[in-house]
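Worksheet: one structure, shown below.
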């Protein structure tokens, strides 16, 4: 499963229904499950975003379907970011050219 960070902003309708936000998390769980995913963590936040979710889905299309459904209800707007675990990053780094894996390329000319 792939991990995603979901940043959530409430719409005016979402803010008006703020008292129900804890109850609505069950709907998010169900939506994730219906698209092959799962809700890993849920946080309510201060600042630019009202909520942050950590979710897992088998692929980008499953995530997109879930986020389209959640957004279509009119209470929130979402921004999704693919998140990588330590093991994911190890595999990604292994794919880098050998000259990049150790940081600055040895023997490279200095820029003036």
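Here Cα Rg over 2.2 N^0.38 Å was calculated from the structure, and among (1) 1.44; (2) 1.35; (3) 1.01 it sits at label (1). Of all the options 82, 38, 73, the one that moves most in a Gaussian network model of the chain with Cα springs shorter than 10 angstrom is 73. Computed packing ranks the peptides 53-64, 22-33 as 53-64, 22-33, most packed first, by mean other Cβ atoms within 10 Å.
We did not get these values from a lab; they are worked out from the coordinates using the rules stated. Note that this is a predicted model, so its numbers are computed, not measured. Backbone-built Cβ (ideal geometry, glycine too); neighbour counts: all protein chains shown.
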